[in-house]
1. At 7 Å along Cα-to-Cβ for each site, give me the label-to-label distance between LYS100 and GLN175 in nm.
2. Would any residue of region 160-174 have its amide N under 20 Å from a label point 7 Å out along Cα→Cβ of ASP189? List them or say none.
3. Report the local net charge at PRO184: Lys and Arg +1, Asp and Glu -1, summed over other residues whose C-beta lies under 15 Å from its C-beta.
4. Roughly how many whole Å is it from the C-alpha centroid of region 20-60 to that of region 88-125?
5. Ranked highest first by average number of other Cβ atoms within 10 Å, how do 33-41, 231-239, 194-202 line up?
6. Determine the share of region 133-280's accessible area contributed by carbon and sulfur atoms, expressed in whole percent, with a 1.4 angstrom probe.
7. Which whole-number value in Å² is the accessible area per residue of region 176-216, probe 1.4 Å?
8. Can you give the % of DSSP beta bridges in the chain that are antiparallel, to the nearest 5?
Amino acid sequence: MPAPVAPAESPGRTTDGQPQSAIVLEDVSISFEGNTVLDGISFSLERGETKALLGVAGAGKSTILKLTMGLVKPDHGNIWVLGQEVSAMKEEDLFELRRKLGMVFQESALFDSLTVRDNVAYRLIEEGVPEDKIQKRVEEALRFVELEHTLNMFPGELSGGMRRRVAIARAIVDQPEILLYDSPTGGLDPVTSTTIIELIVKQRDVYHTSSLLVSHRLQDAFTMATHYFDRSKNRMVPVNGAPIDTRTSFLVLRDGKVIFDGSAHELATSRDEYIREYIS
Ligand SMILES: Nc1ncnc2c1ncn2[C@@H]1O[C@H](COP(=O)(O)OP(=O)(O)O)[C@@H](O)[C@H]1O
Ligand SMILES: [Mg+2]
């Protein structure tokens, strides 16, 4: 028998073939209709880490999430997700990979004609999971977002914040390895936004899911970086100097480039004029 060939080392994989990072973008560029949106973007999201993507409207934040899912292809560069290079993958392999990703879309994107239960169950039904398992996982996911009483309701009967929580339940129903959140608090009032951020922090600290989070509101990302979920209190509390690493970092996009990639503290103390302006 021939000796097994060791997989080549790559930014997304160690020599023993294990994915070392959740997501790696290496020198990624993309243009739409001659308009350069991302221009040589590189960053990585480590396992268990959460990274907030910040930048003005049109900066390319949602495009980064679509590239990660293999929904759009880069003009240049490489994208590794769980050790697989997505920009070179066939559609059927992408389909397999996407099953490991959970996505909370902008504006929730629930199916209005389906009950909450069927919205949350959607992926499990598609994957042919047995009915008794579906019911159990849907109930768990809805309990996680504290909406178990809405099982038989329709999205139209829920508030905006509740719909967003259903969207989170749908994304976490099969405990994905990576979560992608696109402006999960967009269009919500500050109080409701905090309940959504608290759920994201809970998911982060209970399941340690690697996450990319597009945020239009810097305050939300700061709250995530400076709070952790206290299971005994069943709520989010400030870190306040405790030796707790929230593993939450920030990436700021400007004119197609990464102009900042670092911690909350580094962001808050940055001397870069654009960043100072942005965070003020
Ligand atoms: N499929 C597409 N076709 C044409 N233009 C697109 C497409 N996707 C994104 N764009 C453009 O790329 C830019 C970045 O979009 P997007 O990633 O949605 O920004 P953000 O999420 O940061 O607001 C915008 O100018 C948008 O119009
Ligand atoms: Mg967007």
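1. 1.6 nm
2. Label zone hits: 160-166.
3. Taking every Cβ under 15 Å from that of PRO184, the sum is +4.
4. Centre-to-centre distance over Cα atoms comes out at 22 Å.
5. Sorting 33-41, 231-239, 194-202 by mean packing, highest first, produces 194-202, 33-41, 231-239.
6. 49 percent
7. In whole numbers, region 176-216 has 29 Å² accessible per residue.
8. 60 percent
The values are calculated or read from the model by the stated rules, or taken from the named source; none is laboratory data. Keep in mind the model is a prediction, meaning the values are calculated, not measured. All Cβ positions, glycine included, derive from the backbone under ideal geometry; neighbour counts span all protein chains shown. These accessible areas exclude ligands, DNA and RNA; they are computed on the full protein's heavy atoms, side chains included. Shrake-Rupley method; radii C 1.70, N 1.55, O 1.52, S 1.80 Å.
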